[in-house]
1. From the list GLY27, GLY36, GLY17, which residue is modelled with pLDDT of 90 or more, small (Gly, Ala, Ser), assigned to a loop (DSSP other than H, G, I, E, B) and out of contact with any Ser or Thr (no Cβ under 8 Å at 6 or more places or on another chain)?
2. Restricting attention to segment 39-60, which residues are surrounded by 12 or more Cβ atoms within 10 Å (Cβ to Cβ) and either assigned to a loop (DSSP other than H, G, I, E, B) or modelled with pLDDT under 90 (or both)?
3. Could you please tell me which pairs satisfy a Cβ distance under 9 Å, a separation of 6+ or placement on different chains, a first residue in segment 66-78 that is farther than 16 Å from GLU10 by Cα and in contact (Cβ under 8 Å) with a residue 24 or more places away in the chain, and a second residue that is among the acidic types (Asp, Glu) and assigned to a loop (DSSP other than H, G, I, E, B)?
4. Which condition number in (1) outside any helix (DSSP H, G or I); (2) modelled with pLDDT of 90 or more; (3) open to solvent by 60 Å² or more (accessible area, probe 1.4 Å) is the one that THR90 fails?
5. Give me the pairs, please: first residue somewhere in segment 14-36 and in contact (Cβ under 8 Å) with a residue 60 or more places away in the chain, second residue anywhere and part of a helix (DSSP H, G or I) and surrounded by 16 or more Cβ atoms within 10 Å (Cβ to Cβ), beta-carbon distance under 8 Å, and either six or more positions apart or on two chains.
Amino acid sequence: VVACGECAGEAARCRAGIRDLVRFLAGAAAGARAAGTAPDSSQRERARQRRVPPAVMARVVQYLEDGCRQEEERKKKGGVVRDGEDAGPTEGGPGDPGETERILGIN
């Protein structure tokens, strides 16, 4: 019963992370399409509407970093990270931009 609950929790976390990631990608695509258009164009309006709030960006960054951290641990251990194990410290301190922030272009 516990394993089933943990699995359901992980599925919900993944679903939320993917939902936020898709929102970010849709907003980024709309912004790219709107680049170079007139300031009052419908493409710019759509891009403004699809722009994601900072809280969503923070969740996307955290979701991607968690995945990277777990992958690094798997490589170190030569196996799978077990539930409940700490994946280890992140590089830098709070507020220090990591690799994910640099890739997404946010600071």
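The values are calculated or read from the model by the stated rules, or taken from the named source; none is laboratory data. Everything quoted here is computed from the prediction, not taken from an experiment. Don't worry about glycine lacking a Cβ; one is built from the backbone with ideal geometry, like all the others, and counts go over all protein chains shown. The area values use the complete protein model at the heavy-atom level, side chains included, leaving out ligands, DNA and RNA. Shrake-Rupley method; radii C 1.70, N 1.55, O 1.52, S 1.80 Å.
1. GLY36
2. SER41, ARG51, VAL52
3. That search, which allows pairs on different chains as well, returns nothing.
4. Only one criterion in (1) outside any helix (DSSP H, G or I); (2) modelled with pLDDT of 90 or more; (3) open to solvent by 60 Å² or more (accessible area, probe 1.4 Å) is unmet by THR90, namely (2).
5. Pairs found: PHE24/VAL56; PHE24/MET57; PHE24/VAL60.
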